[in-house]
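Computed from the coordinates by the stated procedures, all read-outs in this text should not be read as laboratory data. This is a predicted model, so every value here is computed, not measured. Cβ sites come from the backbone with ideal geometry, for glycine too, and all protein chains shown count toward neighbours.
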Amino acid sequence: MSSNNGCGYLGVSVHFEPRKLTIAFQNEFQAIKSYTLVKDRSFTKDMNLDPSQHRRYVSLRLPSRVTDIVASTACGGFYLHFCDVDVAKGWHKTLLLWKFVDGSSTDLYLARDISQWYLRHILGMEPDVPPPNMVPGKADDSKTNTNC
């Protein structure tokens, strides 16, 4: 699943002691790019997210303003509920791979079902021109369901 135009899924795990979220990328290079993009941003520092990278995994502290983790088959497995709109917006803007649930300003889910082209595009690893017949979005090129 590491072809240029292929499909892929991001792995994710949530830990409660200490509160932390880990994202598994398909390869170490993607993890390094994600970590590099996130680690020096002001939101990351202000929220003390303390990101770390090991092999193909990127972990960060889960802020106390995440009040609920909700299971959802339509949102890649789960979504996070933030008690603060500004923190939710900062998370969305800084962490790149997170999308708002339709109609919500405080619920975000990880776009796990993602085309490799779009992932590389987000991480700044490819030019902005998609391969023929490929648009940003889910690995199967269907519209992402955000009604979670």
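Observations on the structure shown:
- Across the range 70-85, computed HN-Hα scalar couplings (Karplus, 6.51 cos²θ - 1.76 cosθ + 1.60, θ = phi - 60°) run 10, 5, 7, 6, 7, 10, x, x, 6, 9, 9, 9, 9, 8, 9, 4 Hz from first to last residue, x flagging Gly and Pro.
- Taking Thr73, Thr94, Thr36 and counting other C-beta atoms within 10 Å, the order from fewest to most: Thr73, Thr36, Thr94
- Tensor-based shape of the range 32-124 (alpha-carbon gyration tensor, a/c under 1.5 rounded, otherwise prolate or oblate): oblate
- Computed from backbone phi with θ = phi - 60° and the Karplus coefficients 6.51, -1.76 and 1.60, the 3J(HN,Hα) list for the range 10-18 is 8, x, 8, 9, 10, 10, 9, 9, x Hz; x is used for glycine and proline.
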